[in-house]
Every structure is written in structure tokens, then in C-alpha cells.
Amino acid sequence: MLWRKTKIFLEMIKIEHTLFALPFAFMGALLGSVVSFNHLPSWGQIGWILLAMIGARSAAMGLNRVIDKVFDAKNPRTAMRAIPAGLISSKEAIIFIIISFVCLFWAAYHLSPLAMKLLPVAVFFLVFYSYTKRFTWTCHLILGMTVALAPLGGWIAVTGEFSLAALVFYVAIVFWLAGFDTIYATQDVEFDRKEGLHSIPARFGIPKALLIARWFHIVTAAGLISLFFLTDLSWVYLFGVLVSYALLMYEHLIVKPTDLTKLNTAFFTMNSALSISLFVFTLIDLVVFTG
């Protein structure tokens, strides 16, 4: 019974999607530590960043499921999610959210004073994002601003300070998230319009939405390349950026306005491969060449 319930909670928060942002959180920590102090972060710091990431993402997904439960029940694509399907009650989900926030607070406390001071900003975005589809098609950018706090937080956690490089990295991840979330939202265009929900595809149509997503990802590429010039990263990192952008290009090639059948491949497989590959190339660069 306990294991079954645990599996339902893990499915509710889509724990496998953590692969999207977790490598970037670690990448932020690696870059911040090497750029500022010329050494890698400690295993203790990595552990607390992992806990903070899991806590923040679990809280965000739990909040999204509770706040959107009425819309999820109406949408055929989401009607079988845990809460509308009756597998988890809203009360149980709220308890889970509180525990997740406790994990986030506890991790931030052990990371740095600045991380603690900025925690209210992170919590605000984690709560605010789930309401944005009700009133603005810029919700994809707000999601990007929310999720990109993970790599920015990783950077701040190990350095205790902001920097231009950290800001550029943050902006790059904001537009990466916004781009693929725009692509993902194309599958709910008709439902969103019917229910009065807002998104770039619902506002501009699928062809224009996919074009906007491409421009978002061009900003991402520009930001990641800028990091090469703002830090002491070598050609290994730059090659990793080129590999990652090739994956982004492939993602856009397989999703067409008239054919969305490969959308899940673009969303799940390509984005996980992108974040992991860029992290690996960055790690190799920092450990072998830069560090």
C-alpha cells in the first residue's frame, strides 16, 4: 500500500522530468565554484543542491496539480492524473507540498545566507506560475523564469553572490524552458481556447507558436555561447553547446504544425539528452581542462 501510494506521488510530480533541470542546477554550481574560486563544489554542497532541487520541483508540481485540478479533470489528456482520478486527495497533496517546501528550506539554510534571503522569491514564483495560464500567454516565459532559478540557485549556493555570467546562464535557461514548454502546449490548443486559458499556441496558433519557440531557443544558444567568452571555459564546453544546439534543431525538425505525433519525443527525450550532454561536456571541461 505504501509503495503504491509512493508510486502515485512520483507519477503526480513526474519525477523523471527532473532530468530536464537537475543537470543545469549542477552545472550552475560547477560553473559558479570554478569561476569564482577555481575549485569544484564540495560533495556536501552538491547533496544540499540535490535536496533543494527535489524539494522545489516537487512543491511546484504538487501546487500545479492542486491549483489546476478542475481543468485537469475536464481535459481528456490530463483527466487520469492522480487528483482528478481520485488516486490522491487534495489534502494529501497539500501535505506533500508542505514536506517538499520543508526540504527546500532546510537545504537553502545549509547552502548560503544569500540562498536563504532569496528563498521568498523562489517560493513566490513556484506558487505564482500555476495561475498564469488564467490571464497571460507569457506563462511559458514565467515557467522558464521559475525553473531557471534552479541553475541560478546552484550558482548562488556555492558562491554566495551574483555575477554577469550567472545572469547570462539564467536567461539562457529561461528561454530554453519557455521554448520547449511552448512546443508542449501545442497539444492543448483547442482545450485552452475553449476554457479561456492562455498560451502562445492558443493566442497565435500552432505555426507561429513553433516559430516563436525557435526564436526562444536562438536566445538560449546565444546565452550559452556568451558563457564561453565570460568565463575561462575551453573548446570542450563550446563543442558541448554545439551538440546541444544540434539536439534543439532536431527537436524543431520533428515537430511540425501539421504533425505533432513526435511531440513527446521532442519534449522528453531531446530535452533530457540536451541538459545531460551539456552538463557532461561542462564537467569534463572544468575537471580536465579548466580546473
Mean accessible surface per residue for the chain, computed with a 1.4 Å probe while every protein chain stays in place, in Å²: 47
Loop sites in the stretch 142-215: GluC sites (Glu not before Pro), DSSP, at most 12 other Cβ within 10 Å: Glu161
Options Met249, Val287, Leu177, ranked by Cα towards positive dipole end of the stretch 146-291, top entry (Cβ charges): Met249
Helical contribution to [θ] at 222 nm, DSSP H n ≥ 4, -39,500 (n - 2.57), averaged over the chain, rounded to 500: -24000 deg cm²/dmol
Accessible-area order (highest first, 1.4 angstrom probe) of the listed residues Val241, Val287: Val287, Val241
Which of Val121, Ser33, Ile95, positive extreme of dipole for the stretch 1-145 (C-beta unit charges): Ile95
Accessible area in the full protein assembly, largest first, 1.4 Å probe, for His140, His39, His110: His39, His110, His140
Helix runs (DSSP H) in the chain reaching 27 Å along axis by Cα, Kyte-Doolittle at least -1.0: 18-37, 43-67, 90-111, 164-184, 206-230, 235-254
Highest to lowest packing among 59-67, 127-135, scored as the average C-beta count within 10 Å: 59-67, 127-135
Ranked order, Ile173, Ile276, Ile99 - accessible area, probe 1.4 Å, largest first: Ile99, Ile276, Ile173
Hits among lysines - C-alpha to C-alpha of Lys7 under 27 Å, sequence gap 8 or more where chains match: Lys69, Lys74, Lys91, Lys262
Answer label for Cα extents along the principal axes in Å (calculated), chosen among (1) 69, 47, 38; (2) 67, 42, 38; (3) 52, 42, 33: (3)
Descending semi-axes in whole angstrom, ellipsoid equivalent of the stretch 193-274, from the Cα gyration tensor: 29, 15, 10
Relative contact order for the chain, counting Cα pairs under 8 Å that sit 6 or more residues apart, in percent: 21
Percent RCO, i.e. relative contact order, over the stretch 90-151, from Cα pairs under 8 Å lying at least 6 residues apart: 21
Cα gyration tensor shape for the stretch 83-199, rounded if a/c is under 1.5, else prolate or oblate: oblate
Surface share of carbon and sulfur [accessible, 1.4 angstrom probe, percent] for the stretch 139-255: 71
Check: the chain dipole with +1 on Lys, Arg Cβ and -1 on Asp, Glu Cβ, in debye: 860
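The values are calculated or read from the model by the stated rules, or taken from the named source; none is laboratory data. Predicted model only: the values in this text are computed from it and were never measured. Every residue, glycine as well, gets a Cβ built from its backbone with ideal geometry; the counts of neighbours run over all protein chains shown. Accessible surface is based on the protein model in full, side chains and every heavy atom, while ligands, DNA and RNA are left aside. Shrake-Rupley method; radii C 1.70, N 1.55, O 1.52, S 1.80 Å.
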